[in-house]
């Protein structure tokens with residue numbers, strides 16, 4: 001895809017989405033990029049201030065479950081491709097409000113597929129790229145890795161909703177010949193992440209001398225992926241991925257939550273110029289989350305072998321850059337942690 005094309009990127013004002021939008025706008029000036037986002041609590045146009053005036057960029061506010069709106073959008077812009085990132089994504093919220101996840105992640109994905117199918121009378125040169133999560137695979141034991149052949153075993157309303165959307169995208173490939181490609185990624189981190197997620201939550205709480213909530217025994221293990229490494233993978237999958245295929249994206253970077261928080265505490269202490277160990281005193285173990293998966297780990301060998309992608313960022317350097325970014329963007333952090341967000345999470349993480 002080197003000619004002029006028009007791409008719809010859904011969820012482009014969110015954490016990962018804003019990085020994807022910025023990358024495609026800057027790296028491919030010949031592409032027309034339309035960013036569709038509903039601007040819920042996690043969507044923020046401040047994330048894209050640096051590209052909002054670009055001649056190849058357009059923002060549209062709207063809901064992916066609104067059929068009439070989507071049909072008009074597709075008719076207006078005549079999209080050649082969709083990169084679908086819009087989703088409710090926080091496990092804790094899915095436990096308290098599962099219907100929001102069903103509406104957005106399942107119904108919204110189907111309505112987007114339907115709109116593309118109605119618009120694309122000819123699938124030649126078209127592509128629908130669905131971005132998903134490793135949480136659809138369930139939980140691993142002490143050893144082993146998720147591969148593209150791992151059976152789905154979602155354990156939370158969030159992961160179940162994403163699993164449903166994955167299956168529906170594949171069904172449209174098999175049933176209608178919809179030109180789809182999918183990816184499932186591990187935990188992302190980096191700039192612009194909304195502070196309901198572990199790393200920015202910890203940074204924010206340390207700055208405000210608040211407890212650092214750690215679920216259960218703190219030994220839950222995750223594979224962490226630098227968000228710009230994920231963007232690079234999305235780029236190569238979008239351009240070179242084989243239609244109908246799924247690619248796992250991982251950072252080869254496993255950390256137990258408690259070890260990661262220790263590392264993060266020390267990085268924040270260093271940034272604040274105070275003795276190592278100061279922030280660790282804020283660590284507070286809280287009641288475990290229902291259905292908490294013990295370990296995730298991605299085998300991204302297929303993506304590396306077939307498309308030549310590999311992660312580049314180590315955790316220590318990535319965390320240092322992340323901490324620096326949040327300290328350098330204190331106004332952004334203060335803005336997104338105000339109001340309804342603050343009340344919700346003060347309640348959720350009360351020791």
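Structure notes:
- Index of the failed condition, residue 89 passing every other in (1) in a loop (DSSP other than H, G, I, E, B); (2) surrounded by fewer than 22 Cβ atoms within 10 Å (Cβ to Cβ); (3) modelled with pLDDT under 95; (4) under 20 Å from the mean Cα position of the chain (by Cα): (2)
- Yes/no for residue 168 being in a helix (DSSP H, G or I), more than 30 Å from residue 121 (Cα to Cα) and either at pLDDT 95 or above or in contact with a strand residue (DSSP E or B) (Cβ under 7 Å, 6 or more places away or on another chain) (or both): no
- Checking 227, 180, 231 one by one, the residue that is at pLDDT 95 or above, under 20 Å from residue 10 (Cα atoms), more than 17 Å from the chain's Cα centre (by Cα) and surrounded by 19 or more Cβ atoms within 10 Å (Cβ to Cβ) is 180 and no other.
- Residue match in segment 14-22 (condition: modelled with pLDDT under 95, within 30 Å of residue 154 (Cα to Cα), under 19 Å from the mean Cα position of the chain (by Cα) and in a loop (DSSP other than H, G, I, E, B)): yes
- Set side by side, the residues 343, 277, 339 differ, and just one is over 22 Å from the mean Cα position of the chain (by Cα), on the phi > 0 side of the Ramachandran plot and modelled with pLDDT under 90, which is 339.
- A count restricted to segment 189-198 and to residues that are closer than 21 Å to residue 159 by Cβ and either modelled with pLDDT under 95 or surrounded by fewer than 20 Cβ atoms within 10 Å (Cβ to Cβ) (or both) stands at 5.
- Residue 102 vs. criteria under 15 Å from residue 10 (Cβ atoms) and either buried (at least 19 other Cβ atoms within 10 Å of the Cβ) or under 20 Å from the mean Cα position of the chain (by Cα) (or both): no
- Residue match in segment 110-129 (condition: within 23 Å of residue 292 (Cβ to Cβ), under 18 Å from the mean Cα position of the chain (by Cα) and crowded, with 18+ Cβ neighbours inside 10 Å): no
- Single residue of 92, 71 found to be without any contact (Cβ under 8 Å) to a residue 60 or more places away in the chain, in contact with a helix residue (DSSP H, G or I) (Cβ under 7 Å, 6 or more places away or on another chain) and more than 20 Å from residue 45 (Cβ to Cβ): 71
- Conditions (1) in contact with a strand residue (DSSP E or B) (Cβ under 8 Å, 6 or more places away or on another chain); (2) buried (at least 22 other Cβ atoms within 10 Å of the Cβ); (3) part of a helix (DSSP H, G or I); number of the one not met by residue 161: (1)
- Counted as qualifying within segment 229-334 are the strands (runs of 3 or more DSSP E) with 2 or more residues that are under 18 Å from residue 214 (Cα atoms) and touching a strand residue (DSSP E or B) at 6+ places or on another chain (Cβ under 8 Å), namely 254-256, 283-286.
- Residue satisfying condition, being free of Cβ contacts under 8 Å to residues at least 24 places away in the same chain and surrounded by fewer than 20 Cβ atoms within 10 Å (Cβ to Cβ), within set 142, 149: 149
- Of the residues in segment 266-289, at least one is over 26 Å from residue 337 (Cα atoms) and free of Cβ contacts under 8 Å to residues at least 12 places away in the same chain.
The values are calculated or read from the model by the stated rules, or taken from the named source; none is laboratory data. Being a predicted model, the structure only gives us computed values, none of them experimental. Positions of Cβ are generated from backbone atoms using ideal geometry, with glycine treated the same way; all protein chains shown enter the neighbour counts.
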